[in-house]
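Below you'll find the structure, written out as structure tokens, and then a few comments.
The values are calculated or read from the model by the stated rules, or taken from the named source; none is laboratory data. Being a predicted model, the structure only gives us computed values, none of them experimental. When we count neighbours, we look across all protein chains shown, and the Cβ atoms used for this are built from the backbone with ideal geometry, even at glycine. The accessibility values were calculated without ligands, DNA or RNA, using every heavy atom of the protein model including side chains. Shrake-Rupley method; radii C 1.70, N 1.55, O 1.52, S 1.80 Å.
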Amino acid sequence: MPDDMPAAPGELTAQPGEPLLPLPDEGDVPTVGRRPTGLDPDQMGFTPRRAVPWLSPVLLSGTAVRVVLADLFGAYLDKRELQDALPSRILRESAGFSGDADGGDDWPDGGELWVDYIADTGDGFNATYSVAYLAAQESLTVDEQQLPRGEVLVLGGDQVYPTASGQQYEDRFKGPFRAALPEKPPNPPRMYAVPGNHDWYDGLTAFLRLFVRGNEGAVGGWRTRQSRSYFAIQLPNRWWLLGTDVQAGAYIDDPQLRYFNRAAALMGPGDKVIICPPAPSWVESEDDRKAYDSLDYFVRTVIAPTGADVRLMISGDLHHYARYERPGRQLITCGGGGAYLYPTHELPEAIEVPPRRSLVRNASPTQEFALAATYPAKAQSRGLSLGVFWRLPWRNPMFLGLLGLLQTLTMLAFVNAADRVVSGVEQRLVTVPAVLMTVIDVLGTCLLAMPHTAGQRRPRHWILGLLHGAAFVGLATLGTWAWLSLPFVEQSWPLPLLLAIVLYFPLSAVASGELFALYLLIASKFDVNLNELFAGQGITGYKGFLRLHFRADGGLTIYPLGVKRTGRRWHASTATRPDASWFEPRRPLEVHLMEKPISID
């Protein structure tokens, strides 16, 4: 289905009362009596999208511009300061009950609650809808145990890829989730969301319009309740769930600190806290010693003075499942909501949190956390990395075309240079000097190897970039030797140039693509371009989410639910219930535990 097909208007219609933020007129949507009979945008109200081609030259250039603009102007366009004018609601959730913490003392404690956590959604339809479909079912049977649908759904960031906009949210997130739970069930589940870096690329505009609507917003059958881009929720039995908004990993703004200090005033010794940041800074601090500073400051200055205990941190951003633990605290990364798989085989077996190298004067005492589980397993992840040799060329033809173009231009420039040296005659197949093409090739490979943050650049990045550039130029040199061994150069111009385009270009594209795949595989061993190694493959399997059970006895059980193979073919559901999913997989989704349930008492 073409990506540029226009989508029909969205789902939400005008409701009594004014929303917290102005919204455009969204028109009508398919009603219960007009359930879609196929993946037709006119029937569904949105366009199912293919998975994002992360190595597409057009996408890379556009995303790079947005990232640069976000870095340059993010501080000037930061909408968190403006949110100080919005209601600062501290929320409460329990089984069959939701309200505000300021709304009175009739808090039904002693009960239980089921909460789902999903992060990194909004990529291709198949993977995103597979996870949304599982989360929308009334219950899931896993290891002969019935796990009811979460009464609360927490979205951990990056709800849409590659960049945020109203249309992208409609097609890649809101539409698939509405198709999974089109109408509110008798006890509507509630939805809360934390913005990730991809949600921030438009200055958080689309995110606020979709999620920050109080009780007046909805995504399909899920009801939105938060009044800002961050939230504090009081749960049964003295549990708290805090979702923070750390724009570009920089800092926590003053209005947000005031909000969480209000929530902290309701906490006390014996309370148990779950923090949902937008990124697993406990892992990122291995390379960037500043990554954990904001989260450590938040725990040290807001939570610790109350006597409450941070028992669990959950994040997405890295598209896999990984759990680090030590007595008293669990650190979980669960970013399997729909985006391409991120590897696990290079995760360290132990991490120090906060890192000893931290420059913060009053940092919390460093504690060591051990890696307890990953999904996929490290051996599986290592095996999947070898698929780069066939998945990358198959799924990124435009990127291979770019590599082939550079190879062809470099070869032709070398041919001209060699011909002038040998015969003194310039054929002028191209007018680009050989030295300039060499500089372009080497500079491009060095830039590819460099991390986004200048402070993280190490000698290994330069060495690998230069070696990759040398190999790329060496391939062009080999192609030049082969070209000069053939009779094409002796033909009259422009026949040699046309033959180069027809013959050399496709062969060099494939060869340079395989060279690039080999570079990614080698560089990943040194923790360089590890993301590109799997982004280029676009693996849609190994997805998952968390189902949390806050038990009546005050404990918490975490069920990490995974699905190895996502749906690829769908048919219209025959169910007649208004809240039944629109589509069902032709091949049933096999849900399993990514590891044994984790119990926190």
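Worth pointing out:
- Only protein heavy atoms count here; on that basis, with a 1.4 Å probe, Ser358 has an accessible area of about 20 Å².
- Environment charge of Trp570, counting only residues whose C-beta is closer than 9 Å and scoring Lys/Arg +1, Asp/Glu -1: +2
- Qualifying GluC sites (Glu not before Pro) for the stretch 311-418 [loop in DSSP, other Cβ within 10 Å: at most 10]: Glu349
- Test item: Cα-centred dipole of the stretch 294-398, Lys/Arg +1 and Asp/Glu -1 on Cβ, debye: 120
- Two-site FRET efficiency, Asp553 against Glu325, from Cβ-Cβ distance with R₀ of 25 Å, rounded to 0.05: 0.75
- Partners for Lys290 among lysines (Cα-Cα distance below 24 Å; same-chain residues under 8 apart left out): Lys79, Lys525
- Asn187-Ile501 FRET efficiency (beta carbon distance; Förster radius 51 Å; 0.05 resolution): 0.20
- Length available on full extension from Ile440 to Gln145: 0.36 nm per residue minus the Cα-Cα distance, which gives 100.3 nm.
- Where labels lie 7 Å past Cα in the beta-carbon direction, separation of Arg357 and Leu521 in nm: 2.9
- Spin-label model, Arg565 to Gln167: label points 7 Å out along the Cα-to-beta-carbon direction sit 3.5 nm apart.
- Translational diffusion coefficient of the stretch 443-601 (Stokes-Einstein, Kirkwood radius from Cα pairs, 4 °C, 1.567 mPa s): 61 µm²/s.
- Set Lys378/Lys596; Lys184/Lys543; Lys378/Lys543; Lys543/Lys596 screened for pairs whose C-alpha atoms are more than 20 Å apart: Lys184/Lys543
- Rounded, prolate or oblate (a/c below 1.5 giving rounded, otherwise prolate when a/b exceeds b/c) for the stretch 209-258 by Cα gyration tensor: oblate
- Cα-centre dipole for the stretch 101-239 with unit charges at Cβ (Lys and Arg positive, Asp and Glu negative), debye to 20: 440
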